[in-house]
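Below is one structure, written out as structure tokens; comments come after it.
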Amino acid sequence: MTQDVEMKEQAAPSNSLPSFSPSTLHHLKEIASLIETGAYDREVRRILRAIRLTMALRRKLKASALSAFLNFTLIPGSEALTRLSSYLPKEDEHAMEVDTATSAPQAPAKHSLPEIEIYCYLLVLMFLIDQKKYNEAKACSSASIARLKNINRRTVDVLAARLYFYYSLCYELTGDLAEIRGNLLSLHRIATLRHDELGQETLLNLLLRNYLHYNLYDQAEKLRSKAPRFEAHSNQQASRKLLHLLSLTSSPVQFCRYLFYLGKIRTIQLEYTDAKECLLQAARKAPIAALGFRVQCNKWAIIVRLLLGEIPERTVFMQKGMEKALRPYFELTNVSLSLSELILYSSCSIED
């Protein structure tokens, strides 16, 4: 999870600038305009681009900027505006006066589009998680999921997939992951009925993670074997369309996670050959920036290869950024190699 660098407030003179960078609010308005255009034209590409721009802007988000953006986009007095504003910390009166004065020359463009509302939920939720306000994040995520259940629009699916992820993350961070299992199953069923393929894949991974978190491997395998998956699509045209969508979103990462979870399940089921293939493929396909994920894949792959009687190559333990994390596994491999040599030597001595 991305963490913001701690920002310490400093005393400001009476004629100081707003507490947030004017460019942050400006960029958020541009992103909202992009989402609005994508919603009206039914172009998922624009929604995807808006998400990528938001991720790049995430570290710059502040409560004052978010508050100003919510007032700019959402209808005054609406339930969404009231609820989301309650999650944000209150700014001092002077800051609010400066913010109002800054945005006064511009006529606020109020939106009633579901895409804009869901995007506002996503912004506030990411901000709360980054600020480690997990209880407020849980309440915000639950409210966003309740709102999503009443929306069936393909242009919302990409935003919904992000919300599903952060919804599960909030409860995992507070140790309450088991509480939302039933809700995740319900959401997966809804996504299947609505042919929301990206939502299906995201929710399937979240459910597998939920089960594996509590070592419920049998239930995870039952769900995995019965749930529809992208890899099972037989229609080539639909598959090409889907793969094109996956290439534009974070679903390649979701597929890596699916392979990792499947590899863990296969390991517990003693199907080491299949487990090895899944784990190594997940490690290869994972983004370079996902160092922690690749370390976990390699740890499990090393154990599986040792159980198969194989000795991993030294280069596996010397991968950049993984040397320290894989050091115990390197020592374990050396011990296994020594034992193998000892057994082989003993067998030769007996034969002689």
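A short reminder: the numbers here are calculations on the coordinates, not readings from a lab. Owing to the predicted nature of the structure, the values given are computational and were not obtained by experimental measurement.
Can you pull the percent of Cα pairs in segment 130-206 with separation above 15 Å? If you can, show how the numbers build up before the last one.
Details: 1473 of 2926 pairs.
For segment 130-206, the fraction of Cα-Cα distances above 15 Å is 50 percent.
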P(r), alpha carbons of segment 252-338 - 10 Å bins starting at zero, rounded %: 19, 51, 28, 2
